[in-house]
Amino acid sequence: MTNRYPPLETEIRRRITSGGPLPVMHYMTMCLTDPEHGYYLTNDPIGAAGDFTTAPEISQMFGELLGLWAGSVWRQMGSPAQLQLVELGPGRGSMMQDALRAAHVMPEFRAAIAVHFVEISPLLEQRQREFVDGIGLPFTWHKTLEEVPDGPTIILANEFFDALPVHQAVMCADGWHERVIKIDEGQKLRFSIARDPIPLFDQLLPRGMRAQIGEVFEWRADQTALELGRRVKHSEGAALVIDYGHAKSEAGDTLQAVSRHNYADPLLLPGLVDLTAHVDFQALAEAAESMGATAHGPIEQGEFLRRLGIETRAVALKSTAPPSKVMEVERGLERLTGDIGRGMGRLFKAMALSHPKLGPPPGFEP
């Protein structure tokens with residue numbers, strides 16, 4: 001068997017054979033973060049040559065607007081002399097590069113910044129380190145948000161939460177059963193359900209949620225959302241979460257795999273394809289608010305970026321761009337704010353968390 005399958009699949013099959021079916025959450029954790037063969041620890045997945053493209057890679061306007069957003073929030077915080085600007089899952093660092101370039105128009109804000117990257121991938125950390133030398137600001141890397149020191153803080157998280165593993169449960173006639181992965185008669189990995197129902201699971205569901213037999217409910221561990229809320233409250237700062245997902249908790253199977261910019265089977269080639277699931281913004285907000293933060297939104301990404309002035313920025317860029325680049329700016333604007341085809345404007349949401357005394361951050365005003 002060790003010669004028939006990639007190394008990680010061999011280990012997954014060994015665990016199933018010795019310990020029984022593997023819960024979806026454990027499978028997703030192994031696929032993404034296994035120390036030797038996990039997808040995020042062994043791949044540079046971003047860009048045309050990778051498996052997916054994120055908003056900062058589509059257009060510089062995205063990171064620029066978030067940099068100006070952070071500067072405005074810094075002013076709401078009372079313009080502290082030292083600010084920790086934290087990014088969760090910074091990819092190749094493109095968003096932070098654009099944000100810091102835009103921050104040049106606010107010299108006092110830029111001078112206050114110390115950048116903290118929360119990154120688990122050695123490959124991506126190496127890519128991030130390639131651009132920091134000439135920027136003139138301190139950069140520090142951490143494996144978890146908990147490692148970031150205390151102090152006035154603004155946190156940016158773009159397409160971070162969708163990559164955190166999800167639990168899944170399936171509604172059956174006798175209650176909710178955890179969704180698991182087993183080896184079938186044909187020796188293929190396939191989805192199944194645990195034999196026994198999860199005790200008292202109905203009491204843990206969002207209030208008022210109704211599900212039909214066969215429907216799937218997903219949830220994530222609250223640890224990161226709780227820490228995000230605690231940080232915001234403790235530092236009297238703010239956080240901005242942008243991701244794809246649903247505003248209200250609801251049933252639905254959103255686990256998906258992506259390889260070379262196309263959807264793939266999540267049970268094929270574990271560790272070699274990206275696995276994600278939609279973000280439940282209601283659950284994220286409730287966890288953060290339980291720690292004392294105030295949630296704003298979510299609102300659709302397209303609306304959020306328009307409120308921040310992306311259309312005005314696009315006009316300015318086109319006015320100085322060579323003809324060959326004008327269309328690139330227009331395509332970037334449509335991709336980030338539109339909802340047709342691969343448009344991210346509606347599926348992606350933006351939500352802010354802030355200390356209660358700050359009031360609504362830019363883009364979230366009533």
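Remarks
- The residue that is farthest from Leu269 (Cα to Cα), counting only those in the stretch 188-209 that are small (Gly, Ala, Ser) and either at pLDDT 95 or above or more than 29 Å from the chain's Cα centre (by Cα) (or both), is Ala194.
- Just so you know, in the stretch 196-235 the residues that are charged (D, E, K, R) and touching a strand residue (DSSP E or B) at 6+ places or on another chain (Cβ under 8 Å) include one that is farthest from Leu353 (Cα to Cα), and it is Asp196.
- Members of the stretch 297-331 that are over 22 Å from Pro362 (Cα atoms) and within 21 Å of the chain's Cα centre (by Cα): none
- The numbered conditions (1) out of contact with any Phe, Trp or Tyr (no Cβ under 8 Å at 6 or more places or on another chain); (2) over 26 Å from Arg230 (Cα atoms) are all true for Lys143 except (2).
- Here the stretch 11-41 is the region considered, the condition is being among the β-branched types (Val, Ile, Thr) and at pLDDT 95 or above, and the residue that is nearest to Gly91 (Cα to Cα) is Thr29.
- Neighbours by Cβ (under 8 Å, 6+ apart or cross-chain): first from the stretch 338-350, under 15 Å from Phe62 (Cα atoms); second surrounded by fewer than 22 Cβ atoms within 10 Å (Cβ to Cβ) and among the acidic types (Asp, Glu): Gly343/Glu334; Gly345/Glu300; Gly345/Glu303; Gly345/Asp339; Phe348/Glu300; Lys349/Glu300; Ala350/Glu300
- Qualifying positions in the stretch 202-252 - in contact with a helix residue (DSSP H, G or I) (Cβ under 6 Å, 6 or more places away or on another chain) and assigned to a loop (DSSP other than H, G, I, E, B): Asp222, Ala247, Lys248, Ser249
- Any strands (runs of 3 or more DSSP E) falling wholly within the stretch 119-200 and containing at least 2 residues that are among the aliphatic types (A, V, I, L, M): 153-158, 167-172, 175-183, 189-193
The values are calculated or read from the model by the stated rules, or taken from the named source; none is laboratory data. Predicted model only: the values in this text are computed from it and were never measured. Backbone-built Cβ (ideal geometry, glycine too); neighbour counts: all protein chains shown.
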